[in-house]
Amino acid sequence: MIYRLIQPLVKLLIRMRVTPNMITTIGFILNILAAIVMVYGANHGTKGDLTPLGWGGALILFAGFFDILDGRLAREGKMETPYGALYDSVLDRYSELVMFLGICYFLVAHHYFLGSLFGFIALIGSMMVSYIRARSEGIGVQCKGGLMQRPERIVIIGASALVCGIVSYWSGGNQKTFAPWFSFAIIETISIFIYPLVAVAVLSNMTAVHRLIHSKHQLEKDPKPSICHENEIPDPGHLVWPRSA
């Protein structure tokens, strides 16, 4: 459905001679802007104001649109190259690192230390999901699938941050709900973002483990794949990096 909607835009970009690498770069810049918004909001906003998180989430989702667009443009415009796939994969990793940097900084600045810890765990899982796929495919094992791939991570984090910012704006800050038997809030406005972030942290690492087990089973079936060690340069005809992980 989404591909049908963006098809006219893809054709327009092809006529304008826009390359997939340009689109990838724009997406990366948008993620940098998202991190800047969250860092700036953490330093200059009032305590309990979560609207910078919402603006950051909107930019993350917008950047995700470009992540869809670059692959479609490469296929439709017959501009797929091994370097283009590598460039996209590298900038995707940088984008996630920058995104989580902004998120963790914002949470720490607002004293949500436990939330920032889960943000860091989500970062670890996200990197390992991509790394295991790249290494597995580097030794000839197809390694896809899992509950928390890059599109799911971006949608969940971006959408929850956006909704959290909107609710904070309309409710006048970070509202808290207490239970009589607890000395701390059981739910608050930031929970709209924290709980999905926890889900990403858990499920991304589960996806990484799932891919590792899948690769192990595939290697047991074929114990002699073409191996490429980390310090070797792979044959470009053999190794084509995925455009998303």
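FYI, it's all coordinate maths here, none of it is from the lab. Predicted model only: the values in this text are computed from it and were never measured. Virtual Cβ from ideal backbone geometry, glycine too; neighbours counted across all protein chains shown.
Overview of values
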{"read-out": "Relative contact order of the stretch 48-125, pairs being alpha-carbon contacts under 8 Å that are 6 or more residues apart, as %", "value": "26 percent"}
{"read-out": "Vicinal HN-Hα couplings computed from phi for the stretch 73-82 (Karplus, 6.51 cos²θ - 1.76 cosθ + 1.60; Hz; Gly/Pro x)", "value": "5, 5, 6, 5, x, 6, 10, 6, 9, x"}
{"read-out": "Order of ARG17, ARG75 - criterion: other Cβ atoms within 10 Å of each residue's Cβ, fewest first", "value": "ARG17, ARG75"}
{"read-out": "Cα gyration tensor, the stretch 1-146 - rounded (a/c under 1.5), prolate or oblate", "value": "oblate"}
{"read-out": "Built amide H within the under 5 Å cut-off of MET148, gap 5+", "value": "THR207"}
{"read-out": "Local electrostatic count at ILE14 - Lys and Arg +1, Asp and Glu -1, tallied over other residues with Cβ under 15 Å", "value": "+3"}
{"read-out": "Lysine pairs in the stretch 2-221 with Cα atoms under 20 Å, if 8 or more residues apart or on separate chains", "value": "4"}
{"read-out": "Qualifying chymotrypsin sites (Phe, Trp or Tyr not before Pro) in the stretch 64-165, DSSP loop, other Cβ atoms within 10 Å at most 14", "value": "none"}
{"read-out": "Percentage relative contact order, the stretch 1-153, counting C-alpha pairs under 8 Å, at least six apart", "value": "27 percent"}
